[in-house]
Amino acid sequence: MNNSNKPNFFFRLLHELRRVIYIMLDEYRVILKDSGLTVVFLGATLVYPILYSSIYRNETIRDMPIAVIDESQSVRSRELVRRLDATPDLKVAYQFNNLEEAKEPFYKHKIHGVIYIPKDFNQKINRNEQATVSIYCDMSSFMYYRTMMLGANFGILEAGNDIKVERMNAAGITGRSAEISASPFRYEKNILFNEPMGFASFLMPVVLVLIIHQTLFFGITMLTGSLREEKLVTIDPQLRQRGKFFPTIFGKTLCYFTLYIVVCSYILLVVPRFFQFPHIGNPLDIIRFFIPFLLAVIFFSMLVSVFIRNRETALVIFPFFSVILLFLSGFSWPQSNIPWLWKTFGMIFPSTFGIQGYLKINSMGAGLPQVQFEYIALWIQTAVYFLATVFAYRIQMRTTER
Amino acid sequence: MSNSIIQQIRNVARREWKRMLSRPIYLLSSVIAMLFCYLFFLTLMSEGLPEQLPIGIIDNDNSSLSRTLERNINASPQVKIVGKYASFTEARKDMQKGRIYAIIDIAPGFQADLLANRQPAIAYYVNDVYLVAGSLSYKDLTYISELMSGFILQQSLQAKGITGEENLMPILQPVAIDTHQIANPQANYNVYLSNVLLPGVLQLLIIMFTIYSIGIEMKQNTTREWLSTGNESVLAALTGKVLPHTFLFTLLGLMGVFLLYEGMEFPMNGSIAWMSLAMFLFVMAHQAIGIFIIGLFPRLRDAISLGVFYGLLSFTYAGFTFPIEAMPRGAQIFAWFFPIRHYFRIYVNEALNGVDIRYSLIYFTGMVTFLILPFLVYIRLRKAIVHHDREETKNSRFNEQLQ
């Protein structure tokens, strides 16, 4: 077929367009025929969000088991123990006579904290002195530590406030004014955007974007690698028709893009609603934001796959990079505290901007103007990776033709 | 060629070294990946606890008191006021841009209300989408508020003639809390994460490398040559193949152990020797898992997909970020099937709690148990290796006919 010489521009365009569509459909055929690719593009994107959402479903620790050593054995100390047990965070699972006894269950990970009320606790309070309560935190996980601090601080401060008012009465400040003097001003805590302070609400939106990024990356590199291996076409299989690689690039891109618009809608819009993760963003803004994201990831993956000779290469070498990308996004260790070198390094990857943008729109309800930085960055990445891909194809073609 | 199995294993191992060096991309990328991760995580969080977290303030009172509060907040190392806003909407927009993690809202008339004993309120808004930054900045704001309110109370008590610390403190804070953060007194975030994340990366590399090195023999039809180097003994062929990897990855793992506990001076209240043994078993257990997976699915592409799936799930099932017991019951059981869970427990026992070794024996046993796995798929794997040649020849002939 050689009708590209037709003088009519319109026909030529139509012809090119038909080639693009043909290549897109061909790409779909390749994906559906290859069970490995189907698993990555459709299986992983379907299963991973459900799997991880289910595992982290519970959001926080409730009734974390702790031990209490109440050497005081007074009305006041028993009241304190009751208060601690009543917090939603803690459960007094054991009461011991001394610290030594608490070691065994602590070392066996049956309890994740110990509260020690000394013998002189009640005496000190009766004598108008400052009493001390010791708390021991299991530091193996941030969640244990946070739960212990939340529960113990709340319980002990509450008990302390009662005593404070009593003592002020004794000092001659009484009634409502004692209460006011005890806390001259109040402070209200308002949690924005992640009210349950939940772990899933914090982690899952990030994981969802990463799933899109990584399946697309591994899928494209796998596909390119296996085409190369099977040597489907005489020259580089990337270029199904000699010399014409623009239709190839556009056709492939169109295939991944249309496929992932559907995948994105499921992962980014349906999953958060189904599992009740934060989702206060405008769905249209999310879709609009993810257009440059998808294009950037597609061209980035195409560029990398220029260097991939085998089907497995990327999947053997790069899975660990998922963890790096996760931390480069600045969702855990805060972005404001990432050293500049790593911050710059993070700008290479679409995931960094994609994750931040999704958190801001989806979890915090930002509009497109507020994610302008990420949005523009993704378009710049799209342009850079597109040009680089074209450039790399060119070079590759020249070397293969020789 | 000697017939002793040791000799056979040595021959296969020598062949494996040569193979690894002749296509060094996988060897190099594994080593570089691990070294890169050591560098990345240990420098990323080298601060330990994030400081100077950016927050914003809306000071509509603009009194001497509100300015004092602002000064106190800025004096604390943990947070830094980077934005002053006229309205909440303005501040919220900046929070949505990710520029600030918390907002302090002081309403007009704060000082006047305070002096008139009307107990005014300050509102804090914390963005817990960034759980770590949000929690930490809130913790700091509460602390400063408590100090401020203590300071004001102190002044009114002093006006009543109550002076001196020993008289003031029992009223200001009747019950003091004495917090012991076992083995990690600064609540160093790097310690929480790197201790498990880094072995996590290592196990991912081990599984992939093991699967690849066996699967590629089948894919490239070199099983015949591989087997004959081991004098037709599948046991010798397998052992000889993975032994060089054991050496390589144990070296990388031990490097991490020394880097963390000696170089970075992370808490180590037990013995580095036990940690090193744990690391050695950790490497072996994951090699066993790699063999198990390729034995179960003796086709490189399938085995690799499963390997990635398992290796990434390991990070979840270590239970170092989100505790296993907070997961749904049905999901908890699977924790047993991840050596990293046992490694995590050994690390907590040795490095953090510094407990007697008898508490860790069960976890050491747990890791050793994984070494049974290759024997479960031994027959299947042998069949795959021995019969691979024949099938492949058949296939390629079939392909030729097609073309």
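The values are calculated or read from the model by the stated rules, or taken from the named source; none is laboratory data. For clarity, every value in this text was computed on a predicted model and none was experimentally measured. Positions of Cβ are generated from backbone atoms using ideal geometry, with glycine treated the same way; all protein chains shown enter the neighbour counts.
Yes/no per residue for (1) closer than 20 Å to B:ALA278 by Cα; (2) at pLDDT below 90; (3) within 12 Å of another protein chain (Cβ to nearest Cβ); (4) touching a His at 6+ places or on another chain (Cβ under 7 Å):
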{"position": "B:LEU306", "(1), (2), (3), (4)": "no, no, yes, no"}
{"position": "B:GLY311", "(1), (2), (3), (4)": "yes, no, yes, no"}
{"position": "B:PHE338", "(1), (2), (3), (4)": "yes, no, no, no"}
{"position": "B:GLY366", "(1), (2), (3), (4)": "yes, no, no, yes"}
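Condition check ((1) within 26 Å of A:PHE321 (Cα to Cα); (2) within 14 Å of chain A (Cβ to nearest Cβ); (3) of a type in the set (D, E, K, R); (4) in contact (Cβ under 8 Å) with a residue 60 or more places away in the chain) across all residues:
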{"position": "B:GLY230", "(1), (2), (3), (4)": "no, no, no, yes"}
{"position": "B:GLY240", "(1), (2), (3), (4)": "no, no, no, yes"}
{"position": "B:PHE258", "(1), (2), (3), (4)": "yes, no, no, no"}
{"position": "B:MET268", "(1), (2), (3), (4)": "no, yes, no, yes"}
- Query: Which one is farthest from B:VAL175 (Cα to Cα), of the residues in the range A:153-172 that are hydrophobic (A, V, I, L, M, F, W, C) and more than 7 Å from chain B (Cβ to nearest Cβ)?
  - Reply: A:ALA170
- Message: As an exercise: evaluate B:ARG92 against (1) in the same structural domain as B:LYS241 (by TED's automatic domain parsing); (2) among the basic types (Lys, Arg); (3) surrounded by 18 or more Cβ atoms within 10 Å (Cβ to Cβ) and give the number of the one condition it does not meet.
- Response: (1)
- Query: Among the helices (runs of 4 or more DSSP H) contained in the range A:277-382, which hold 3 or more residues that are small (Gly, Ala, Ser) and surrounded by 20 or more Cβ atoms within 10 Å (Cβ to Cβ)?
  - Reply: A:283-305, A:350-358
- Message: I'd like to verify a number: residues in the range B:123-157 that are without any contact (Cβ under 8 Å) to a residue 40 or more places away in the chain, under 25 Å from B:GLU51 (Cα atoms) and of a type in the set (Val, Ile, Thr), how many?
- Response: 3
- Within the range A:59-103, the residues that are aliphatic (A, V, I, L, M), in contact with a strand residue (DSSP E or B) (Cβ under 7 Å, 6 or more places away or on another chain) and under 21 Å from B:VAL175 (Cα atoms) are A:ILE66, A:ALA67, A:VAL68, A:ILE69, A:LEU80, A:VAL81, A:LEU84, A:LEU90, A:VAL92, A:LEU99
- Message: Exactly one condition in (1) under 18 Å from the mean Cα position of the chain (by Cα); (2) over 20 Å from B:LEU42 (Cβ atoms); (3) modelled with pLDDT under 90 is false for A:PHE353; which is it?
- Response: (3)
- Query: Scanning for something of a type in the set (Val, Ile, Thr), facing chain B (nearest Cβ under 9 Å) and surrounded by 21 or more Cβ atoms within 10 Å (Cβ to Cβ), does the range A:386-395 turn up at least one residue?
  - Reply: no
- Message: Consider the range B:103-130. How many of its residues are surrounded by 21 or more Cβ atoms within 10 Å (Cβ to Cβ) and aliphatic (A, V, I, L, M)?
- Response: 5
- Message: Scan the range A:109-127 and tell me whether some residue there is hydroxyl-bearing (Ser, Thr, Tyr), in contact (Cβ under 8 Å) with a residue 24 or more places away in the chain and farther than 13 Å from B:PRO170 by Cβ.
- Response: yes
- Message: Just to be sure before I move on: is B:GLY319 surrounded by 18 or more Cβ atoms within 10 Å (Cβ to Cβ), assigned by TED's automatic domain parsing to the domain that holds B:LEU260, under 23 Å from the mean Cα position of the chain (by Cα) and more than 30 Å from A:THR60 (Cβ to Cβ) in the structure I sent?
- Response: no
- Which of the following residues is of a type in the set (Lys, Arg) and facing chain A (nearest Cβ under 9 Å): B:ARG92, B:ARG67? B:ARG92
